[in-house]
């Protein structure tokens, strides 16, 4: 077996004598692309496609392609071991973004190699999930083949394409791994394994920059990026992982980035008018972690009031029997909405006002809450009311006719 350096040198030397003369990084990407194919592509097909139609006619072929075959085998072995890494020089430079996407650079060459090999796939034989994975991977790879393609694929927010490109580059091997898994192994998955098919610790580490960004950015275009990343995480964990760990998801440290991003997506969806989407995310989070360490039940309760889903709110209040300001407020408001100024609703109002003396003044607008996020709160303190307001508390009370006027009454 040739050493790594000798193998590289021989592959480059052989490529230079071929009619197509593919770049070394193109060849590496091409072999990874072959690994994505659901069925093994015979050498008689991929070799001429890579080096030229006359590449298999030489009588000296066995000696000439030893290094090529070894590089191919090495790539396949790494894929089977889930050791997916781009070559070290396949970089996307922050200092010279355009230069790193020039045609002759390693990253575009590698991506073009993968794309070419993917053409062996007969899309007619794929199921829906496989087609979706392949389409998504192909689009992302295309985005790294030139600056023009990067603008087309990653411009989700009117000019922020470079930041988006860096995030997709960070997750490129994860997208690749998900596609390989869907193409080659998903159909054979017995569903009995509770572990994730991918290294979630490594993925979380790669995602940390995006998590910090998403938690501090309120622009609507972030929702699409969250959709992409959450989808990657869900595929990476796999169906069996969810089935086996539902009920104590927050207790698994590797799931916390996923849960934080999902809760953030719910918040942004609500803020931008997609309330039903927000509710769906929060319900799923409570199913995964009924202990609700993230306090997702509080915004969910408010969203139920806003959408008049009284039955769902009633069930949520039964699931979380507590006398916190957050839950007592929606319980009081729901009772008033359904029964008016009844004996029951008036009693709940009395308890609500008693639980926090600052509540009425800030909800009715007699006092104005400070702008900006509230970093923690104390029960009974005005900071507790500020946190409630940040969860759309005032909008919730305004959504029920006459509720604010009724709240002012003794």
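The values are calculated or read from the model by the stated rules, or taken from the named source; none is laboratory data. Since this is a predicted model, take the numbers as computed values, not measurements. For neighbour counting, all protein chains shown are included, and Cβ atoms are generated from backbone atoms with ideal geometry for every residue, glycine included.
Counting residues in segment 346-367 that are in contact with a helix residue (DSSP H, G or I) (Cβ under 7 Å, 6 or more places away or on another chain), surrounded by fewer than 21 Cβ atoms within 10 Å (Cβ to Cβ), without any contact (Cβ under 8 Å) to a residue 12 or more places away in the chain and assigned to a loop (DSSP other than H, G, I, E, B) gives one or more.
For segment 276-292: of the residues being closer than 17 Å to residue 322 by Cβ and touching a residue at least 40 places away in the same chain (Cβ under 8 Å), which is surrounded by the fewest Cβ atoms within 10 Å (Cβ to Cβ)? Within segment 276-292, the match that is surrounded by the fewest Cβ atoms within 10 Å (Cβ to Cβ) is 291. Among the conditions (1) at pLDDT below 85; (2) under 20 Å from residue 95 (Cα atoms), residue 169 misses just one, which is (1).
Looking for something surrounded by 13 or more Cβ atoms within 10 Å (Cβ to Cβ) and either out of contact with any helix residue (DSSP H, G or I) (no Cβ under 8 Å at 6 or more places or on another chain) or outside any loop (DSSP other than H, G, I, E, B) (or both) - is there at least one such residue anywhere in segment 369-380? Even if it seems obvious, please write down each step before you answer.
Taking segment 369-380 as the starting set, the residues that turn out to be surrounded by 13 or more Cβ atoms within 10 Å (Cβ to Cβ) are 369, 374, 377, 380.
Remaining after also requiring either out of contact with any helix residue (DSSP H, G or I) (no Cβ under 8 Å at 6 or more places or on another chain) or outside any loop (DSSP other than H, G, I, E, B) (or both): none.
Scanning segment 369-380, I find no residue that is surrounded by 13 or more Cβ atoms within 10 Å (Cβ to Cβ) and either out of contact with any helix residue (DSSP H, G or I) (no Cβ under 8 Å at 6 or more places or on another chain) or outside any loop (DSSP other than H, G, I, E, B) (or both), so the answer is no.
Within segment 289-309, one or more residues are within 24 Å of residue 386 (Cα to Cα) and over 29 Å from the mean Cα position of the chain (by Cα).
Taking into account only those residues within segment 58-75 that are out of contact with any helix residue (DSSP H, G or I) (no Cβ under 6 Å at 6 or more places or on another chain) and part of a helix (DSSP H, G or I), which is modelled with the lowest pLDDT? Can you show your working first?
To start, the set of residues in segment 58-75 that are out of contact with any helix residue (DSSP H, G or I) (no Cβ under 6 Å at 6 or more places or on another chain) comprises 58-63, 65-66, 69, 73-74.
Now restrict to residues that are part of a helix (DSSP H, G or I): 61-63, 66, 69, 73-74.
Details: 61: 51, 62: 56, 63: 57, 66: 83, 69: 88, 73: 90, 74: 90.
Per the stated criteria, the residue is 61.
With the structure loaded, tell me whether residue 384 is modelled with pLDDT under 95 and buried (at least 18 other Cβ atoms within 10 Å of the Cβ) or whether it fails that test. Considered against the rule, which asks whether it is modelled with pLDDT under 95 and buried (at least 18 other Cβ atoms within 10 Å of the Cβ), residue 384 comes out as yes.
So, of the residues in segment 41-57 that are in a loop (DSSP other than H, G, I, E, B) and loosely packed, with under 13 Cβ neighbours inside 10 Å, which turns out to be modelled with the lowest pLDDT? Step by step, filter segment 41-57, then rank; the result is 57.
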